[in-house]
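Asker: Here it is: the structure, laid out below.
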């Protein structure tokens, strides 16, 4: 049988108000009554309904999380970092996926509001009018990972994608590459698409290349697009290095090069972005820009919880990255 506060009060020989004060650690309760209540709570294993307590205190200690695809190892690590950090603050999470569908993302926000979450962390690519309207009409703090959306209620957390792509391109030049092409993300994706392209462009122009001499193919972050676009690039121009906007496209490029008889890295060097687990175990192992998604999740969770608790939080939090050199480059 499910117990309630009145049952606990009867067993302890105190009033329901006393039980409530003990559970919520509020108000004055003499030690004898407190001990009696705690003993009954321990013996019965009673736990107050979290939602009911949330309605009373206007907090549920719950975060809503939206990621595009939980099967993607990067997002899995990100969520793991969020959950572990949230747990240390006595917060739970509700996780859902958007499948990169902007309308579904907004539907998730509405569902989270119904669940009375205290804060929302999401990984999005576009900030639409529907997103803006949802935030304008919400009192819940929002944090976006991987983008820098302009809205007073959003905390943004990301690496400096332009600088990271610039450094990656410079690394390839330092290893003897002269004709570098890029397999990028869609340019409407401000961070992983446009900003990474601009880093590649800046380093190439600094090297003395003209923008119209550069080859840039727009992919969709999948292994298949990396494979197909690598083939398209080879049909256009002789190149000696490829920078891909994520590891999956880089691995697709390596597979294509191998199928066509090219030696990696002796004929074509390949560099990726993210440093997921496949990058390290692939043959040849992939040189890449490392983003620590687990740590990003921990940082995101702490930031949103601090915001919920009305502590000072920077509107933009820049994550660290590093270049990891493996066998796909010389």
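The values are calculated or read from the model by the stated rules, or taken from the named source; none is laboratory data. A quick note: this is a predicted structure, and the numbers were derived from the prediction, not measured. Heads up, the Cβs are rebuilt from the backbone with ideal geometry, glycines too, and the neighbour counts pull from every protein chain shown.
Asker: Identify, please: which residue in region 131-176 is part of a loop (DSSP other than H, G, I, E, B), out of contact with any helix residue (DSSP H, G or I) (no Cβ under 9 Å at 6 or more places or on another chain) and in contact (Cβ under 8 Å) with a residue 40 or more places away in the chain and is, among those, nearest to residue 304 (Cα to Cα)?
Answerer: Among them, the one singled out is 175.
For every residue, the table says whether it meets (1) closer than 14 Å to residue 242 by Cα; (2) assigned by TED's automatic domain parsing to the domain that holds residue 152; (3) in contact (Cβ under 8 Å) with a residue 60 or more places away in the chain; (4) under 17 Å from the mean Cα position of the chain (by Cα).
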{"residue": "276", "(1), (2), (3), (4)": "no, no, yes, yes"}
{"residue": "304", "(1), (2), (3), (4)": "no, no, yes, yes"}
{"residue": "309", "(1), (2), (3), (4)": "no, no, no, no"}
{"residue": "313", "(1), (2), (3), (4)": "no, no, yes, no"}
{"residue": "319", "(1), (2), (3), (4)": "no, no, yes, yes"}
{"residue": "323", "(1), (2), (3), (4)": "no, no, yes, no"}
{"residue": "329", "(1), (2), (3), (4)": "yes, no, yes, no"}
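Asker: Let me ask something else. When you scan region 65-92, how many residues do you find that are over 17 Å from residue 293 (Cα atoms) and either in contact (Cβ under 8 Å) with a residue 60 or more places away in the chain or part of a strand (DSSP E or B) (or both)?
Answerer: 3
Asker: Please find, within region 284-309, the residue that is surrounded by the most Cβ atoms within 10 Å (Cβ to Cβ) out of those that are at pLDDT 95 or above and part of a loop (DSSP other than H, G, I, E, B).
Answerer: Among those that are at pLDDT 95 or above and part of a loop (DSSP other than H, G, I, E, B), it is 286.
Asker: Would you mind finding the one in 280, 206 that is surrounded by fewer than 23 Cβ atoms within 10 Å (Cβ to Cβ) and in contact with a helix residue (DSSP H, G or I) (Cβ under 9 Å, 6 or more places away or on another chain)?
Answerer: Just a single option satisfies the conditions, and that option is 206.
Asker: Separate question: Against the condition crowded, with 16+ Cβ neighbours inside 10 Å, touching a residue at least 12 places away in the same chain (Cβ under 8 Å) and outside any loop (DSSP other than H, G, I, E, B), how does residue 253 come out, does it pass? Break it down stepwise before answering.
Answerer: Numbers: crowded, with 16+ Cβ neighbours inside 10 Å: yes; touching a residue at least 12 places away in the same chain (Cβ under 8 Å): yes; outside any loop (DSSP other than H, G, I, E, B): yes.
In short, yes.
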